[in-house]
1. In the stretch 91-114, what residues are within 20 Å of Pro62 (Cβ to Cβ), touching a strand residue (DSSP E or B) at 6+ places or on another chain (Cβ under 8 Å) and of a type in the set (A, V, I, L, M)?
2. Restricting attention to the stretch 73-86, and to residues there that are under 19 Å from Val110 (Cα atoms) and of a type outside the set (A, V, I, L, M, F, W, C), which single residue is surrounded by the fewest Cβ atoms within 10 Å (Cβ to Cβ)?
3. Of all residues in the stretch 24-54, which are within 12 Å of the chain's Cα centre (by Cα) and of a type outside the set (Phe, Trp, Tyr)?
4. Among (1) outside any loop (DSSP other than H, G, I, E, B); (2) over 26 Å from Leu41 (Cα atoms), which single condition is Gln85 missing?
5. Answer yes or no: is there a residue in the stretch 120-128 that is at pLDDT below 95, within 26 Å of Gln20 (Cα to Cα) and not in a loop (DSSP other than H, G, I, E, B).
6. Of everything in the stretch 67-82 that's free of Cβ contacts under 8 Å to residues at least 60 places away in the same chain and not in a strand (DSSP E or B), which residue is farthest from the chain's Cα centre (by Cα)?
7. Taking the conditions exactly as written (among the hydroxyl-bearing types (Ser, Thr, Tyr), part of a strand (DSSP E or B) and surrounded by 14 or more Cβ atoms within 10 Å (Cβ to Cβ)), does Tyr47 satisfy them or not?
8. I'd like to check something: does the stretch 101-115 contain any residue that is free of Cβ contacts under 8 Å to residues at least 60 places away in the same chain, among the hydroxyl-bearing types (Ser, Thr, Tyr) and exposed (fewer than 15 other Cβ atoms within 10 Å of the Cβ)?
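The values are calculated or read from the model by the stated rules, or taken from the named source; none is laboratory data. Please read these numbers as outputs of a predicted model, since none were measured by experiment. Don't worry about glycine lacking a Cβ; one is built from the backbone with ideal geometry, like all the others, and counts go over all protein chains shown.
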Amino acid sequence: MSNEISKQVDGVDITHAGMQKLFFVCVTTAVRPAEELEANLQGHKDYLKGLEDQGLLFAAGPLLDAQAKFDGTGMIVFATSDFAQAKSLADNDPFHAKGMRTYTLRPWQVNEGSLGLRVVFSSGKFSLV
(Lines give C-alpha, C1' and ligand atoms only; values in the text may rest on other atoms or scores of the structure.)
Protein backbone atom coordinates (compact mmCIF):
# COMPACT_ATOMS: atom_id res chain seq x y z
CA MET A 1 0.00 0.00 0.00
CA SER A 2 1.30 3.42 -0.93
CA ASN A 3 2.04 6.10 1.63
CA GLU A 4 0.84 8.64 -0.92
CA ILE A 5 -2.16 10.65 0.24
CA SER A 6 -5.12 10.46 -2.11
CA LYS A 7 -6.13 13.81 -3.59
CA GLN A 8 -9.78 14.23 -4.50
CA VAL A 9 -11.35 16.71 -6.94
CA ASP A 10 -15.10 16.37 -7.57
CA GLY A 11 -14.96 12.83 -6.11
CA VAL A 12 -12.16 11.70 -8.42
CA ASP A 13 -8.80 10.50 -7.08
CA ILE A 14 -6.31 12.70 -8.95
CA THR A 15 -3.13 11.02 -7.68
CA HIS A 16 -3.05 9.00 -10.93
CA ALA A 17 -1.57 10.49 -14.08
CA GLY A 18 -3.91 10.98 -17.00
CA MET A 19 -7.56 11.70 -17.38
CA GLN A 20 -9.74 10.18 -14.67
CA LYS A 21 -13.48 9.83 -15.11
CA LEU A 22 -16.01 8.84 -12.46
CA PHE A 23 -19.04 6.69 -13.35
CA PHE A 24 -21.51 4.69 -11.28
CA VAL A 25 -21.83 0.94 -11.81
CA CYS A 26 -25.20 -0.64 -11.09
CA VAL A 27 -25.11 -4.44 -10.79
CA THR A 28 -28.69 -5.63 -11.10
CA THR A 29 -30.03 -9.06 -10.11
CA ALA A 30 -33.35 -10.67 -11.01
CA VAL A 31 -35.69 -11.53 -8.13
CA ARG A 32 -38.72 -12.48 -10.25
CA PRO A 33 -39.17 -15.34 -12.74
CA ALA A 34 -37.77 -14.97 -16.25
CA GLU A 35 -41.30 -14.89 -17.76
CA GLU A 36 -42.20 -11.79 -15.72
CA LEU A 37 -38.94 -10.10 -16.66
CA GLU A 38 -39.46 -10.89 -20.35
CA ALA A 39 -42.95 -9.38 -20.23
CA ASN A 40 -41.47 -6.12 -18.88
CA LEU A 41 -38.24 -6.07 -20.89
CA GLN A 42 -39.36 -3.46 -23.44
CA GLY A 43 -40.01 -0.86 -20.73
CA HIS A 44 -36.52 -1.45 -19.32
CA LYS A 45 -34.94 -1.17 -22.79
CA ASP A 46 -36.91 1.99 -23.57
CA TYR A 47 -35.77 3.51 -20.27
CA LEU A 48 -32.12 2.76 -21.02
CA LYS A 49 -32.51 4.17 -24.54
CA GLY A 50 -33.86 7.38 -23.03
CA LEU A 51 -30.84 7.60 -20.70
CA GLU A 52 -28.57 6.96 -23.66
CA ASP A 53 -30.25 9.79 -25.61
CA GLN A 54 -29.71 12.13 -22.63
CA GLY A 55 -26.02 11.22 -22.32
CA LEU A 56 -26.56 9.54 -18.94
CA LEU A 57 -25.74 5.97 -19.99
CA PHE A 58 -22.17 4.83 -20.65
CA ALA A 59 -22.92 1.13 -21.16
CA ALA A 60 -25.40 -1.58 -20.17
CA GLY A 61 -25.94 -5.27 -20.74
CA PRO A 62 -26.10 -8.73 -19.24
CA LEU A 63 -23.25 -10.36 -17.33
CA LEU A 64 -22.54 -13.90 -18.47
CA ASP A 65 -21.31 -17.05 -16.76
CA ALA A 66 -18.16 -18.99 -17.70
CA GLN A 67 -20.03 -20.59 -20.61
CA ALA A 68 -21.15 -17.16 -21.90
CA LYS A 69 -24.77 -17.81 -20.84
CA PHE A 70 -26.96 -15.18 -19.19
CA ASP A 71 -27.36 -15.93 -15.49
CA GLY A 72 -29.87 -13.21 -14.59
CA THR A 73 -27.32 -10.57 -13.59
CA GLY A 74 -26.83 -7.35 -15.51
CA MET A 75 -24.72 -4.23 -15.33
CA ILE A 76 -25.56 -0.60 -16.08
CA VAL A 77 -22.88 2.08 -16.06
CA PHE A 78 -24.35 5.52 -15.50
CA ALA A 79 -22.50 8.49 -17.01
CA THR A 80 -22.74 10.68 -13.95
CA SER A 81 -20.34 11.48 -11.13
CA ASP A 82 -23.17 12.31 -8.71
CA PHE A 83 -24.32 9.52 -6.36
CA ALA A 84 -27.81 10.96 -5.80
CA GLN A 85 -28.42 11.19 -9.54
CA ALA A 86 -27.09 7.66 -10.13
CA LYS A 87 -29.37 6.31 -7.38
CA SER A 88 -32.36 8.10 -8.89
CA LEU A 89 -31.53 6.68 -12.34
CA ALA A 90 -31.29 3.16 -10.89
CA ASP A 91 -34.46 3.54 -8.82
CA ASN A 92 -36.44 4.69 -11.87
CA ASP A 93 -35.50 1.73 -14.06
CA PRO A 94 -38.86 -0.04 -14.51
CA PHE A 95 -37.37 -3.37 -13.38
CA HIS A 96 -36.23 -1.82 -10.09
CA ALA A 97 -39.28 0.38 -9.61
CA LYS A 98 -41.56 -2.68 -9.96
CA GLY A 99 -39.45 -4.78 -7.58
CA MET A 100 -38.48 -7.25 -10.32
CA ARG A 101 -34.76 -6.75 -9.84
CA THR A 102 -32.55 -5.51 -7.00
CA TYR A 103 -29.30 -3.64 -7.46
CA THR A 104 -26.07 -2.47 -5.89
CA LEU A 105 -24.53 0.85 -6.86
CA ARG A 106 -20.83 1.68 -6.67
CA PRO A 107 -18.67 4.53 -7.92
CA TRP A 108 -16.15 3.48 -10.56
CA GLN A 109 -13.14 5.61 -11.36
CA VAL A 110 -11.72 4.91 -14.81
CA ASN A 111 -7.97 5.56 -14.93
CA GLU A 112 -6.87 3.48 -17.91
CA GLY A 113 -8.33 2.23 -21.17
CA SER A 114 -9.34 3.65 -24.50
CA LEU A 115 -12.30 4.00 -26.78
CA GLY A 116 -11.99 4.47 -30.49
CA LEU A 117 -14.29 5.10 -33.40
CA ARG A 118 -13.57 4.09 -37.00
CA VAL A 119 -15.60 5.92 -39.66
CA VAL A 120 -15.56 4.79 -43.31
CA PHE A 121 -16.92 7.76 -45.21
CA SER A 122 -17.27 6.01 -48.58
CA SER A 123 -19.62 3.35 -47.21
CA GLY A 124 -21.22 5.38 -44.43
CA LYS A 125 -20.25 2.66 -41.93
CA PHE A 126 -18.70 3.03 -38.53
CA SER A 127 -17.47 0.78 -35.74
CA LEU A 128 -16.07 1.04 -32.25
CA VAL A 129 -12.48 -0.17 -32.00
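1. Those that are within 20 Å of Pro62 (Cβ to Cβ), touching a strand residue (DSSP E or B) at 6+ places or on another chain (Cβ under 8 Å) and of a type in the set (A, V, I, L, M): Met100, Leu105.
2. Kept after step one, since they are under 19 Å from Val110 (Cα atoms), are these residues of the stretch 73-86: 75-83, 85-86.
Filter again for of a type outside the set (A, V, I, L, M, F, W, C), leaving 80-82, 85.
On the way: Thr80: 20, Ser81: 16, Asp82: 15, Gln85: 13.
Filtering first and then ranking leaves Gln85.
3. Pass one, the stretch 24-54, residues within 12 Å of the chain's Cα centre (by Cα): 24-28, 48, 51-52.
Within the stretch 24-54, Val25, Cys26, Val27, Thr28, Leu48, Leu51, Glu52 meet the criteria.
4. (2)
5. Within the stretch 120-128 (the criterion being at pLDDT below 95, within 26 Å of Gln20 (Cα to Cα) and not in a loop (DSSP other than H, G, I, E, B)), the answer is yes, since at least one residue qualifies.
6. Here is the first cut: in the stretch 67-82, the ones free of Cβ contacts under 8 Å to residues at least 60 places away in the same chain are 67-80, 82.
This time we only want the ones that are not in a strand (DSSP E or B), so: 67-69, 79-80, 82.
Details: Gln67: 22, Ala68: 19, Lys69: 20, Ala79: 7, Thr80: 10, Asp82: 14 Å.
For the stretch 67-82, the residue satisfying everything is Gln67.
7. Details: among the hydroxyl-bearing types (Ser, Thr, Tyr): yes; part of a strand (DSSP E or B): no; surrounded by 14 or more Cβ atoms within 10 Å (Cβ to Cβ): yes.
Taking the combined requirement at face value, the residue does not satisfy it.
8. Of the residues in the stretch 101-115, the ones free of Cβ contacts under 8 Å to residues at least 60 places away in the same chain are 113-115.
Still in the list and also among the hydroxyl-bearing types (Ser, Thr, Tyr): 114.
Now narrow it down to the ones that are exposed (fewer than 15 other Cβ atoms within 10 Å of the Cβ): 114.
Yes; the residues of the stretch 101-115 include at least one that is free of Cβ contacts under 8 Å to residues at least 60 places away in the same chain, among the hydroxyl-bearing types (Ser, Thr, Tyr) and exposed (fewer than 15 other Cβ atoms within 10 Å of the Cβ).
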